[in-house]
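Accompanying notes for the structure given below.
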Ligand SMILES: [Mn+2]
């Protein structure tokens, strides 16, 4: 498998003339993660994929006679082809009836709200932007040796009905939706939306538990002042979140903060409340492993669960142009993915991915990056076996009534 006979015979490298076997000069391949990952794939089940292909034939009819691959349906259903279909996140099942989210390990929900934006609007299109480009992904990750479809269940519950230009009503709707998903036992994964949604998201989780919650917050901005432009804008979620009785400010860890866009009002609050700020330079000096270790230590100190908030603008704006308030000097994508994965590996009780603004995006790269953060977080939890750890802390679940209706909408009587 690793022999390259042609290359060997053609090579004029001096090393090859000294020894006939070029491989003797290679490092031990079995020490490479690349080799280990290749072996690990063999341990993965293919049952979920086989099931999806059968399901596609049931839903989309069997394909034309001229097509040799008999698993290809007439109508595109499920993962393939990546350019076709109605896109939910990662082409996961659409939980159109949201009482069904309880049957899934994790639930994606879109929060199309940009009423808290103080510069570039457009994050109301963030959920659709991520869903669209998420169709590019397979559920398998080579390096992790994880296949989400085989190892966990995922659904997309669609978007929360937010009310443009009314922050109070939108926040109430968001908290209600998040509390429904969290109470069901499914892990809530929120796609924003601007960062003002951080407060109602955390509030939705916090009301379902008597336990304490820490927060790891990736951002260039501190987002902890009380008000901005006289309202609770996207610069304020952590002031209001850490006012909640079971969300201690000392367990808020803010990673990547810095540059010229941190309002002094926010710094005063961070200092008063003794939050923990790790700057980009801190991370560079300590390295990724030490940074993650320190963030986890502070976030988990004396609490039962940790929530993750990932602002896409924590990554250098050269990589994520489609965002509400870009700031140079941020994480490299590799650093951000590694940090988010390491934090997620310990288990999280929910996450939000915010500030993707498709109208300002180029070639979907910002939405692509946001999608990648979410799938890496899920893959990391699956790999570490920590997905579902939050369930044991749901001791005050909420029940939200649904309306009464029988039959199907927009269809002729059967
Ligand atoms: Mn930010």
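Just a few scattered comments:
- With a Förster radius of 60 Å applied to the beta-carbon distance between residue 168 and residue 71, the computed FRET efficiency rounds to 0.75.
- Estimated inter-spin distance, residue 408 and residue 64, nm [label 7 Å along Cα→Cβ]: 2.7 nm
- DSSP-defined beta bridges in segment 89-393 - what % are antiparallel, rounded to 5: 10 percent
- Relative contact order of the chain, pairs being alpha-carbon contacts under 8 Å that are 6 or more residues apart, as %: 17 percent
- Here segment 211-245 and segment 26-103 have alpha carbon centers that stand 39 Å from each other.
- Going by neighbour counts of Cβ atoms within 10 Å, the residues 303, 108 line up, fewest first, as 303, 108.
- Relative contact order for segment 69-215, counting Cα pairs under 8 Å that sit 6 or more residues apart, in percent: 32 percent
- Average Cα contact separation per residue, segment 18-123, under 8 Å, 6 or more apart, as relative contact order %: 12 percent
- Full-extension gain in nm, residue 35 to residue 271, via 0.36 nm per residue minus C-alpha separation: 80.2 nm
- Pairwise Cα separations in segment 89-393 fall into 10 Å bins from 0 onward with the following percentages, short to long: 7, 32, 41, 19, 2.
- Computed helical MRE - 222 nm, the chain, DSSP H runs ≥ 4 contributing -39500 (n - 2.57), nearest 500: -10000 deg cm²/dmol
Every read-out reported here was derived from the displayed coordinates using simple, explicitly stated rules and does not represent laboratory data. Model, not experiment: these values are computed from the prediction. Every residue, glycine as well, gets a Cβ built from its backbone with ideal geometry; the counts of neighbours run over all protein chains shown.
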